[in-house]
Amino acid sequence: VPQHVWRINLDTPEEAHQNLSFGAADRWWEQTDLTKLILASNKLQCLSEDVKLLPALTVLDVHDNQLTSLPSALGQLENLQKLDVSHNKLKSIPEELMQLSRLKSLLLHHNELSCLPDGFGQLVNLEELDLSNNRLTDIPTSFALLINLVRLNLACNQLKNLPADISAMKSLRQLDCTKNYLENVPPKLATMASLEQLYLRKNKLRSLPEFPSCKLLKELHAGENQIEILNAENLKHLNSLSVLELRDNKIKSVPDEIALLQKLERLDLTNNDISRLPYTLGNLPQLKFLALEGNPLRTIRRDLLQKGTQELLKYLRSKIQDDVTNPNEEPPVTAMTLPSESRVNMHAITSLKLLEYSEKQAAVIPDELFSAVGSNPVATLNFSKNQLNEVPPRIVELKDSVCDVNLGFNKISSISLELCMLHKLTHLDIRNNFLTSLPEEMEALTRLQVINLSFNRFKVFPSVLYRILALETVLLSNNQVGSIDPLQLKKMDRLGTLDLQNNDLLQVPPELGNCETLRTLLLEGNPFRTPRAAVLAKGTAAVLEYLRSRIP
């Protein structure tokens, strides 16, 4: 930082020495002290102790530099209200920082902090504290003193537990603990009367806390944990809840008390072990979004799930009447509950054109399944959630009719030539497998519109995709893709959606901005520095425009 920046309050401006007739704008002796200093997105490796020469500062923003430490003189900026030191390389915070009693916003995310000063509780006026994406293993107990804190972000750290004391933060409205190692949540958390949003995704929780006092809680996100049981006690007090997100857990049943959540608008139960639903769900007046894919539901046909939330709720309401008339009726026998010797659901094959053998943990698909197809044209094939090591070779028998193939959640490490012969294929889902590459022969799938390759092991963008020109949607999130070729992508003139979230892209080539057919481009969760998060947050059109502006 140039020295005269630190001395801006002290030094007489240059022109005072030469020019003796001042207009109103030049009256430097009436100049007020500097209150905001923004040094963001530079290459600063240290900040001078001279920062103390700017005692009137209320805002200091040095985010996105290369700072490894902060000067202790920061503690003398007693008027400071906002300090942003995020996206640096800080390993620790000076104790002196705890003297900033007027500080309202402290942003420390994306650093290398492994511990915090014990005196943190002295920052009593703090309203916003972001510590996400650091290496914290615990939280100082003095956090309990931060009674004005409204937003606390602890996501993406290494926390194994939360101190019960944080329940004393009586103003806290938003608490984000996503992606830590939490195995439980202190019961006292449930007494936080102001809490509105609680994020507990991607932890190791086995159960949900009970929430007797959280009368204002509007959003509870607890997906990607190991929750097995959902109790009536967990739910019945949450009168204000509008979003309940529990996807990718091991929940076996949903209690009838879920019907008490009268304000619920979104309920996500994707990828659990739920076999039946309380029909009273159909009576929730505000419910707009209900996601149930990836559950072994016995009473709801798959085609009904695909018709959307309103149809599903209508169906559930119609069943409430049936329940009243004959309460002891067994659920109808479907393919899933048939005894093992009759594994084939002929009704599905003949009337729904569906060949389904999913969630069986099977290492191979039984031959009788293919034999039963006979001359019936099968349009949809679902072998997801098994233990398949390869694409079943007999799949080629369906090549004249099948257009939708789901092999997701298996252990497939390569795509067979048989699959490349399914010339009518329009939709292919092979997410959550062990794929590292795709064969060049896939070029023959000239009608393929949608391919889902998320959660595999691709290190490069599969080059054969550039040559399948019918593709409209390519989902490649959660792989290790390191680069993409924008010139090849531009030839894919129907591509509308490209999802590359959570990969290893170190840069985004500016020429990608020329792919003007893209309506949805998802790049979050990659290690590149530009475009910045603020640009990504504006959406695809803004990102493409930004990239075009960077083309040399």
Self-check item: Calculated FRET value between residue 101 and residue 480, using beta carbons and R₀ = 41 Å, to 0.05
Solution: 0.35
Quiz item: In what sequence, largest accessible area first, do 517, 350 appear using a 1.4 Å probe?
Solution: 350, 517
Quiz prompt | Surface share of carbon and sulfur [accessible, 1.4 angstrom probe, percent] for the stretch 346-549 | solution = 51 percent
Quiz prompt | Where 455, 120 fall by accessible area, highest first, once all protein chains stay in place (1.4 Å) | solution = 455, 120
Exercise. Set the Förster distance to 45 Å, then compute FRET efficiency between residue 472 and residue 46 from the Cβ-Cβ distance, nearest 0.05.
Key: 0.35
Practice problem: Using the heavy atoms of the protein chains and a 1.4 angstrom probe, tell me the accessible area per residue for the chain in square angstrom. | Solution: 48 Å²
Exercise. Quick one: of 319/424; 252/288; 263/353, which pairs are farther than 27 Å apart, Cα to Cα?
Key: 319/424; 263/353
Self-check item: Angle in degrees between helix 540-549 and the longest Cα principal axis of the chain, rounded to the nearest 10
Solution: 60 degrees
Practice problem: Let me have the relative contact order for the chain, percent, based on Cα pairs under 8 Å that are six or more residues apart. | Solution: 4 percent
Practice problem: Using a 1.4 angstrom probe on the protein heavy atoms only, line up 464, 124 by accessible area, largest first. | Solution: 124, 464
Quiz item: What is the gain in length, in nm to one decimal, between residue 421 and residue 240 on full extension, counting 0.36 nm per residue of separation less the C-alpha to C-alpha distance?
Solution: 59.9 nm
Quiz prompt | Accessible area of residue 258 in the full protein assembly, 1.4 Å probe (Å², nearest 10) | solution = 0 Å²
Exercise. Could you work out how far apart the two model spin labels at residue 164 and residue 250 are, taking each label as a point 7 Å from the Cα in the direction of the beta carbon, and quote it in nm?
Key: 2.7 nm
Quiz prompt | Under 9 Å, Cβ to Cβ, from residue 466 - net charge with Lys/Arg +1 and Asp/Glu -1 | solution = +1
Quiz item: If the label point is 7 Å along Cα→Cβ of residue 375, which residues in the stretch 348-367 have backbone nitrogen under 16 Å from it?
Solution: 350
Exercise. Please give the length that would be gained between residue 206 and residue 124 if that part of the chain were fully extended, namely 0.36 nm times their separation in residues minus their C-alpha to C-alpha distance (nm, one decimal).
Key: 26.1 nm
Quiz item: Taking 0.36 nm per intervening residue step and subtracting the Cα-Cα distance, what contour gain separates residue 3 from residue 263 on full extension?
Solution: 87.9 nm
Self-check item: Paramagnetic reach from residue 38 (point 7 Å along Cα→Cβ, amide N under 14 Å) across the stretch 512-549
Solution: 534-535
Quiz prompt | Cα long-axis angle, helix 309-325 against the chain (0 to 90 degrees, to the nearest 10) | solution = 60 degrees
Quiz item: For the chain, what does -39500 (n - 2.57) per DSSP helix run (n ≥ 4), summed and divided by total residues, give at 222 nm, in deg cm²/dmol to the nearest 500?
Solution: -3000 deg cm²/dmol
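The values are calculated or read from the model by the stated rules, or taken from the named source; none is laboratory data. This structure is a prediction, so every number in the text was calculated from the model and none was measured. As a convention, Cβ positions derive from the backbone with ideal geometry for all residues, glycine included, and neighbour counts pool all protein chains shown. For the accessible areas, the whole protein counts, side chains as well, though only heavy atoms, and no ligand, DNA or RNA atoms are used. Shrake-Rupley method; radii C 1.70, N 1.55, O 1.52, S 1.80 Å.
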